[in-house]
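Have a look at the structure below before the remarks.
The values are calculated or read from the model by the stated rules, or taken from the named source; none is laboratory data. The structure displayed is predicted, hence computed values, not measured ones. Note: ideal-geometry Cβ built from the backbone for every residue, glycine included; neighbour counts use all protein chains shown. Heads up: the accessible areas ignore ligands, DNA and RNA and are worked out on the full protein's heavy atoms, side chains in. Shrake-Rupley method; radii C 1.70, N 1.55, O 1.52, S 1.80 Å.
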Amino acid sequence: MKWLTGLLFLALIFGQFKSEKELKLESILMAPCCGGGTLAEHEENRYSHDMKQIMFALTDSVFDKQKVKELFDEAYSDRGIYQLHFAPATKSLKEIQKYVDENVHAGMTLDEIVDVFAWIHGEVIRSSPKHEGFGNLVWYMPLIILLVGVGVITLIVRRFVKRQKAQPVTAQAPDFDPELSAKIEKEIKELDL
Amino acid sequence: MIAILGNTLLLMSFAFTVYGILSATLYTANGNRKFMLSGERAILSSSVFVILSTIGLLIELLRSNFTLEYVARYSSAETPTLYKFSGLWAGMQGSLLFWVMILSVFIIMVIYQNRNRHQKLMPWVLITLGVIQLFFLAMSNFFENPFTPIPAGMVMNGMGLNPLLQNPVMLIHPPLLYLGFIGFSIPFAFGMAAMITGELDTVWIRTTRRWTLVTWLFLSVAIIMGGRWAYVELGWGGYWAWDPVENASLLPWLTGTAYIHSVLIQEKKNMLRIWNMVLIMVTFTLTIFGTYLTRSGVVSSVHAFAATDLGVWFFWFIVLILVTNIILLVIRRKELASVNRLESFVGRESGFLFNNMLFVAMMLTVLWGTMYPILSEAVTGTKITVGSPYFNRVMIPLGLLLLFLTGVGPLLAWRRTTTRSLRRNFTLPFIVGLILTGIFGAVSKMTLIYPLISVLLISFVAAIIFLEFFKGTKARHRMTGAGYLKSFFELLEKNRSRYGGYIVHLGIVMMFLGFTGKVFDKEADLSMNQGDIKTVGHYDIEYTDYWLETPETNPDTRSNHAAKIVTLKISKNGSYYTTLNAERRFYTDQNNQPSSEVSLKATLFEDLYIVLGSLDLHSGNAILKVRVNHLVSWVWLGTFVLILGSLVSLNIGGLIKGKSL
């Protein structure tokens, strides 16, 4: 009963909690400071905080380009972000301002938002590689490994099973040895222990 | 004085190990028993020297002898005594010494246990272990010496221990991880000895069976403890982030788990002999590879040691292990061929094969994802990241497939399983699974496919395990007439390996329940002033008080840090629930490095998890991260069940009564 009560709570809509979209946004970019995880997995610092603010502003239902530009200005006027160990900004504030002016618009998809940060910080800022070019390899390899594994085992089992089936059948029944039979039975039982 | 002694002992142990290896090798060439005894004693002495040397370093850490560079770098006068122990494995030099110390303890145990046994295998076991010991001793002596002195009076106080390591879990997690890693050296050494001598029957497997299980248990618990540490210390709300160093510990666990399953086939059917050799070789190599990953700087990780020249040496050591093993496998391939054959696709042997394939596929996938950034940079010149979203996406389906096999495997009969038997064994658990999944889906309104499959498989496997216990107990009760409880314990006693394994599986199932709960996790960021009440889900959080504690105000409990603290009164569904203090610490001996102390109220169903991001002492404004995490306790509970099952399998009673590992 406790369980059911507990599960019922899951169905509640939690007003103040972050939305699925916000959580998703925090998981698609790495924390730029140290690579210690995605923005969601990393302790909040000023760099991760600024990036989150930009992302939330970009996906806000009421898109305010001026606010977005100000947030970019605030984040990338901080010299610290150009000296980070893991993913420092590689574009100057002027370049970023120009890029934002020309490319940032309302209704950007998650991929487009990530592309903005990848342009500024490099591909290393993406929490997982893009599904294109060499990046495809990382995504398809697990499937290839699994298929090869299943294929190899299937071949092994089929080969052994076939080989056994092909054994000639003796016309006469083998001699019945009760002692041997008892021993076999005992060993089969032991196998299941 | 102790430092000089420690350093001398470390040097002596290097020399003694070289002699031991040479002497044992001479014995294998000329058969003169004196050489073997001499080699054995030399390696025993070397091992004792290493242990003494480690004790020496520990004493210097406890005494805060800052004339040693290592002590000055990883502790301070203010570091609490308990955490001075952690200093032993906090840095590269100490951790290498700690590694070789554990190996030395294991070597002493192996020599003692086998003093009158396995006369043909032991010289090569000794040589293999000696070579591993020598490698780490060389690192400790010539590259990363923990006894490097600095002039007296130059450093008045040390730099202190990394705040993240100042957590009780960190007193247990690293030693367990080392035990788990290094323990695989023993079955590996016996496997090598078997291949070199041609003693390829099941003796080496049986001799190391308990070693392997104990090692596996240590590694399993260590990995989960690492998760627990991340959960309560890092403050992001989760316990596994697929960090390269976390992955490094998972890799040998995956192949090690495959190995403890597949050796059962070799023990019972004398099959998979090459495969078992490959598995133990790969598992051991992965333990060294994990050490290489954390020390070479090839991957970026918050857990990794700084990049040093050691990486090159580890790389060549791995190459040496692989080349030697491959040559031996090629030479012995005919003798290692299986005597018995598989008879059917649907039999326990095939089930084990699929289980092994899945474990290895998972290992290769994790390895691939971990190493891909290096490969990508080498090929395309672009630095990329493969983070947790990738691993979650590719590993969840594999994990679910493995969970399915966890249930199915034990019910398959040896040789072949008939369709009738399959139907008889699986129908009821499957129906139970479907009913529970239906209830779960309806109540939680869950529409995502993976959580539903996960619940279906969790219920299915749990039902299978409970039915197995029920049927076994009932059969025993009918056979002996004893009570049900007695019959249950007799069942465990008579079939330790099988039923211990089921209990371990039950622990894994409970962990999967914990993993599944993650889809319901919720998070909120709050900015609060004293007196504010904010509602988060069904919790009302009242910010009642805040204050500062410093080493001056609280010298006993806060000797090396100051702490900003807020008190939060929590009500749940309108009634008082608990009071939590959330802390933000600033370590004075680490340039005021901040660290959050998670405040946690955990129940079986959900955890209320609060992290203090910042606190302005003037205005009292606090930034809080509040998470409601679901079913996490099942991960930790599952660990206890896993330990219990492993102890049943190991016949811990027998071990206590004096049976050897």
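Some points to look at:
- Any hit, the range B:144-167, residues being of a type in the set (Phe, Trp, Tyr) and either outside any loop (DSSP other than H, G, I, E, B) or outside the structural domain of B:Gln93 (by TED's automatic domain parsing) (or both): no
- Hey, B:Leu457 closer than 16 Å to B:Val432 by Cα and in contact (Cβ under 8 Å) with a residue 12 or more places away in the chain or not: yes
- Filter result for the condition that a residue is in a helix (DSSP H, G or I) and open to solvent by less than 50 Å² (accessible area, probe 1.4 Å), over B:Leu10, B:Leu37: B:Leu10
- Qualifying position, being more than 10 Å from every other protein chain (Cβ to nearest Cβ) and of a type in the set (A, V, I, L, M, F, W, C), among B:Val461, B:Val366, B:Val379, B:Val394: B:Val461
- Lone qualifier among B:Ser45, B:Ser23, B:Ser64 - being open to solvent by 20 Å² or more (accessible area, probe 1.4 Å), of a type in the set (Gly, Ala, Ser) and farther than 18 Å from B:Phe147 by Cα: B:Ser45
- Residues that are on the phi < 0 side of the Ramachandran plot and open to solvent by less than 10 Å² (accessible area, probe 1.4 Å), drawn from the range B:227-242: B:Gly227, B:Ala230, B:Tyr231, B:Glu233, B:Gly238
- For B:Ser559, the criteria (1) hydroxyl-bearing (Ser, Thr, Tyr); (2) part of a strand (DSSP E or B); (3) surrounded by 13 or more Cβ atoms within 10 Å (Cβ to Cβ) hold in every case but one, which is (2).
- So B:Tyr543, is it of a type in the set (Ser, Thr, Tyr), open to solvent by less than 50 Å² (accessible area, probe 1.4 Å) and over 23 Å from the mean Cα position of the chain (by Cα): yes
- Residue match in the range B:224-234 (condition: under 12 Å from B:Ile280 (Cβ atoms) and either among the acidic types (Asp, Glu) or in a helix (DSSP H, G or I) (or both)): no
- Subset tally (residues that are out of contact with any helix residue (DSSP H, G or I) (no Cβ under 7 Å at 6 or more places or on another chain) and closer than 17 Å to B:Gly130 by Cα) for the range B:30-41: 2
- Residue pairs meeting the criteria (Cβ under 8 Å; at least 6 apart or on separate chains; first in a helix (DSSP H, G or I), in the range B:199-218; second acidic (Asp, Glu) and open to solvent by 30 Å² or more (accessible area, probe 1.4 Å)): B:Ile205/B:Glu267; B:Arg206/B:Glu267; B:Arg209/B:Glu267
- Residues of the range B:621-635 satisfying the condition of being surrounded by fewer than 19 Cβ atoms within 10 Å (Cβ to Cβ) and either outside the structural domain of B:Thr535 (by TED's automatic domain parsing) or among the charged types (D, E, K, R) (or both): none
- Residue match in the range B:418-440 (condition: open to solvent by 20 Å² or more (accessible area, probe 1.4 Å), farther than 17 Å from B:Ala463 by Cα and within 9 Å of chain A (Cβ to nearest Cβ)): no
- Filtered residues of the range B:509-530 (kept if open to solvent by less than 30 Å² (accessible area, probe 1.4 Å) and either out of contact with any helix residue (DSSP H, G or I) (no Cβ under 6 Å at 6 or more places or on another chain) or away from chain A (no Cβ under 13 Å) (or both)): B:Val509, B:Met511, B:Gly514, B:Gly517, B:Asp521, B:Glu523, B:Ala524, B:Leu526, B:Met528
- One residue stands out among those in the range B:553-612 that are among the small types (Gly, Ala, Ser) and within 31 Å of the chain's Cα centre (by Cα): the one that is nearest to the other protein chains (Cβ to nearest Cβ), which is B:Ser596.
- Residues that are closer than 26 Å to B:Ala241 by Cβ, open to solvent by less than 60 Å² (accessible area, probe 1.4 Å) and more than 17 Å from the chain's Cα centre (by Cα) within the range A:106-133 comprise A:Ile113, A:Asp115, A:Val116, A:Phe117, A:Ala118, A:Ile120, A:His121, A:Gly122, listed in sequence order.
- Inter-residue pairs, beta-carbon under 8 Å, first within 7 Å of chain B (Cβ to nearest Cβ) and in the range A:125-154, second modelled with pLDDT of 95 or more and not in a helix (DSSP H, G or I), 6+ apart: none
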